[in-house]
1. What accessible area, in Å² to the nearest ten, does a 1.4 Å probe give for LYS19?
2. Note down the relative contact order for the stretch 1-107 as a percent, whole number, built from C-alpha pairs under 8 angstrom at least six residues apart.
3. With a ≥ b ≥ c taken as the square roots of the eigenvalues of the C-alpha gyration tensor of the stretch 112-246, please select rounded if a/c is under 1.5 and otherwise prolate if a/b is larger than b/c or oblate if it is not?
4. Please work out whether the stretch 160-200 counts as rounded, prolate or oblate from its C-alpha gyration tensor, where a ≥ b ≥ c are the square roots of the eigenvalues and a/c under 1.5 means rounded, while otherwise a/b larger than b/c means prolate and anything else oblate?
5. So for ARG113, ARG56, what's the accessible-area order with a 1.4 Å probe, most first?
6. Round to a whole number: what % of the accessible area of the chain belongs to carbon and sulfur, probe 1.4 Å?
7. Accessible area of THR213, 1.4 Å probe, to the nearest 10 Å²?
8. Where Lys and Arg each count +1 and Asp and Glu each count -1, what net charge lies around ALA130 among other residues with Cβ under 15 Å from its Cβ?
Amino acid sequence: MRLRPMTPDDIGALHALAKAEQWPHRPEDLADMLAVGTGTVADLAGEIVGTTMWWRAGPATATLGMVIVSRRHRGAGIGRIVMDAVLEQITAELGPNAAIMLNATEEGLPLYRKLGFRGVGEILQHQGAAFQAPLVPLEAGERIRPMGDRDGEAVDALVLGATGLDRPPVMALLREKAHGVMLTHGDDITGVALFRRFGRGYVVGPVIAPDATRAKALIAQWIGSRSGEFIRLDIHGNSGLGSWLEELGLVRVGRVVTMVRGEEPPATAPGTGFAIVSQALC
């Protein structure tokens, strides 16, 4: 077995591994993720038996995802070999004190803990088809409007402030692929929700808002515009949105643990993150 950089020619094999895990990524989703990140594959006599990707998220911060080992080759230590190599890549590029974040499945938790990751939160996956969205009232002076071509800097600033993750290539890709709605109060932009094709249907995220009520108002814009269509959100466990989404028909189907090695990047702005980009990208 040898480790080598992932290339666009590997997307088909990566998609097959993801499909075996019942992950919903389309080949085009994976190609987009690779275009703004770095991938590594474990190649065993021409067969890809392990993968991972990582994305730079600041001068000394990275997010890591798409960690998969072929089911036929589990138990041979391949996951540990790939992770050790990728962590070495990241620290060589970002420094020995780099903060590295990932979302771990229950199956991956033991390995990540051995590698020095600790749990700092949870992400709850909700999905389904909603046939109506409630009208969520806003405060006087607030409105929701479509994201425009000139809103890029504001969107990036909102996401950076709420998450601590600074990743211009990822945000540029999202703004290219997604539609967005903005929450404004007078001349101030206080929230955003992006909406894009992904997997079996559509995904809403990231969602940044001042509070849960306004996050609901942003999300409801997309649910209302796509009545009866499959929509997914990956929300923070403490977001307060779970019961509301369940009532709308977007049921909880999964949970992952958000983990970090090093110091968790701090939020720096009053906006709060309610839904993430994706479990891989964080």
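1. Near enough 140 Å² of accessible area.
2. 23
3. Values: a/c = 1.44, a/b = 1.16, b/c = 1.25.
Because its axes are fairly even, with a/c under 1.5, the stretch 112-246 counts as rounded.
4. Values: a/c = 2.30, a/b = 1.35, b/c = 1.71.
Oblate.
5. Values: ARG113 150, ARG56 110 Å².
Accessible-area ranking of ARG113, ARG56, largest first: ARG113, ARG56.
6. Details: 6400 of 12820 Å².
The computed percentage sits at 50.
7. Accessible area, nearest 10 Å²: 70 Å².
8. Value of the local net charge: +2.
The values are calculated or read from the model by the stated rules, or taken from the named source; none is laboratory data. Given the structure is predicted, the values throughout are model-derived calculations rather than measurements. All Cβ positions, glycine included, derive from the backbone under ideal geometry; neighbour counts span all protein chains shown. To get the accessible areas, we keep the full protein, side chains included, count just its heavy atoms, and leave off ligands, DNA and RNA. Shrake-Rupley method; radii C 1.70, N 1.55, O 1.52, S 1.80 Å.
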